[in-house]
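Take a look at the structure set out below.
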Amino acid sequence: MSRIYNFSAGPSTLPEEVLIQAREEMLDWQRTGMSVMEMSHRGKQFLKVAEQLSADLIELLNIPANYKVLFLQGGATAQFAMIPLNLLAGKQTANYVLTGAWSKKAIKEAKKYCQVKIAASSEQDNFTSIPALNTWEVDQQAAYLHYTPNETIHGVEFHEVPEVGQLPLVVDMSSNILSKQIDVNQYGLIYAGSQKNMGPAGLTVVIVREDLLGSADAKTPSVFEYSEQIASDSMLNTPATYNWYLVGLVLQWLKRQGGLSAIEQINSRKSTKLYQAIDESSLYSNPVNTNCRSRMNIPFILGDASLNSAFLQQAQENGFEALKGHRAVGGMRASIYNAMPEQGVDALIQFMAEFERTH
Ligand code: PMP
């Protein structure tokens with residue numbers, strides 16, 4: 001068996017140990033004679049999986065007791081609607097920061113439910129920067145402020161949490177959750193799809209501060225109402241049980257790596273060396289301001305675009321998959337989430353240098 005290095009933005013590479021464990025437990029989980037896939041979500045065996053998943057997430061992110069943790073479906077995209085539905089609490093306006101393709105989608109959806117106040121935007125520079133905080137125009141009477149700490153397509157990451165007074169911060173951490181230590185207390189609500197740093201696609205984590213709950217719009221569908229999901233332990237409808245199990249295995253793996261402080265250091269090393277290789281080369285470049293470059297998604301453009309297809313073909317022949325950039329940015333993109341081994345980044349850097357030398 002040979003595994004390639006998969007730089008996909010998501011669904012993305014998973015820790016090999018996790019895949020092996022899932023294979024070993026596929027037919028018979030912990031001597032139950034069943035696959036986790038086959039278990040009732042109400043049975044005591046599955047409840048053990050669910051409790052462990054929740055406990056491990058709380059431990060890894062150090063989630064305080066006044067926050068609720070939910071495991072939902074519908075991806076981060078469902079959250080784009082659920083957030084205004086649940087958090088407007090009678091208000092008409094919410095602040096949104098526009099820093100790339102994903103915050104743009106969140107804004108488009110929110111506009112169905114409220115007036116969106118664009119507090120700051122980097123659209124005029126093609127989403128290669130984050131507007132300085134002192135230029136933001138924040139409506140303090142609005143329900144919350146939403147931003148996207150890591151823009152997966154544009155490769156832009158916030159390295160600091162913006163201070164906006166008492167407004168609850170609502171953040172789409174889909175592509176950088178669990179990649180570094182955070183202080184959950186700084187946020188009102190954190191949400192993230194699973195298919196990057198947490199496991200396969202199909203599960204959405206929501207971490208919400210208790211005092212924001214209980215004022216959902218009356219027309220909110222029950223499965224979309226946080227309070228109803230909390231009351232039924234995220235099992236208002238049948239959950240994606242096998243995904244819960246797989247995300248649980250990834251969290252256990254993360255704990256074995258030393259948790260978030262350890263993975264943060266590795267992520268910092270991996271991204272620093274890839275940016276360094278890009279900056280030092282005369283073929284590749286990264287368009288993003290150095291103060292907000294993503295540690296997870298690294299776009300790079302070839303100076304001569306006619307080399308793109310040769311680059312991709314040779315990359316594939318050498319065991320590097322999914323390096324084609326998003327069409328909104330062009331060029332290439334290497335997504336290097338937690339599960340991408342450092343050797344994968346080293347090998348990519350070597351390949352890029354060799355390609356530059358021969359072209
Ligand atoms: N937000 C961000 C930052 C993302 O990267 C993605 C997926 N790439 C989404 C939202 C949408 O996630 P989903 O397809 O799971 O709804």
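The values are calculated or read from the model by the stated rules, or taken from the named source; none is laboratory data. What you see is a predicted model; the values in this text were computed from it and never measured. Glycine gets a Cβ as well: all are built from the backbone with ideal geometry, and neighbour counts include every protein chain shown. Side chains are part of the model used for accessible areas, which takes the heavy atoms of the whole protein and leaves out ligands, DNA and RNA. Shrake-Rupley method; radii C 1.70, N 1.55, O 1.52, S 1.80 Å.
Put a dot 7 Å past the Cα of Asn318, heading toward its Cβ, do the same for Ile4, and the two dots end up 1.4 nm apart. Across the chain, the relative contact order, built from alpha-carbon pairs under 8 Å that are at least six residues apart, equals 23 percent.
What whole-number volume per residue, in cubic angstrom, does the convex hull of the C-alpha atoms of region 286-341 give? Intermediate results must be reported in sequence, preceding the final value.
On the way: hull volume 5.1 nm³, N = 56.
In region 286-341, the Cα convex hull volume per residue is 91 Å³.
Please compute, over every Cα-Cα pair in region 133-203, the percentage with a separation greater than 18 angstrom. Roughly 41 percent, once rounded to a whole number.
Among the trypsin sites (Lys or Arg not before Pro) found in region 299-356, those both in a DSSP coil and sparsely packed, with 11 or fewer other Cβ atoms within 10 Å of their Cβ, are Arg327. By accessible area, using a 1.4 Å probe on protein heavy atoms only, the chain has 48% of its surface on carbon and sulfur.
Given a 1.4 Å probe, how much area per residue of the chain is accessible, in Å²? Could the numbers behind the result be given before it?
Numbers: 16020 Å² over 359 residues.
Normalised by residue count, the accessible surface of the chain is 45 Å².
For Thr77, the accessible area of its heavy atoms, probed at 1.4 Å with every protein chain present, is near 90 square angstrom. Here the relative contact order of region 1-82, from alpha carbon pairs under 8 Å that lie six or more residues apart, stands at 9 percent. Rounded to the nearest whole Hz, the Karplus-based 3J(HN,Hα) values (6.51 cos²θ - 1.76 cosθ + 1.60, θ = phi - 60°) of region 66-80 follow the sequence 8, 10, 9, 10, 10, 10, 10, 10, x, x, 4, 4, 5, 5, 4, with x at glycine and proline.
Taken along its principal axes, the alpha carbon cloud of region 38-126 reaches lengths of 52, 29, 28 Å, longest axis first.
By the helix-only formula, in which each DSSP H run with n ≥ 4 contributes -39500 (n - 2.57) and the sum is divided by residues, the chain has a 222 nm mean residue ellipticity of -11000 deg cm²/dmol. Size descriptors for the chain: radius of gyration and Dmax over Cα atoms are 20.8, 63 Å.
Calculate the FRET efficiency for Thr77 and Gln181 from the Cβ-Cβ distance with a Förster distance of 30 Å, rounded to the nearest 0.05. Result of the calculation: an efficiency of 0.65. Placing a label point 7 Å from the Cα of Asn62 along the Cα-to-Cβ direction, the residues of region 186-209 whose backbone N falls under 14 Å of that point are 186-187.
With the convex hull built on the Cα atoms of region 228-275, state its orientation-averaged projected area in nm².
On the way: hull surface 20.6 nm².
Mean projected area for region 228-275: 5.1 nm², to one decimal.
Sites counted here are GluC sites (Glu not before Pro) in a DSSP loop (not H, G, I, E or B) having no more than 15 other Cβ atoms within 10 Å; the longest part of the chain that contains none of them is 164-359.
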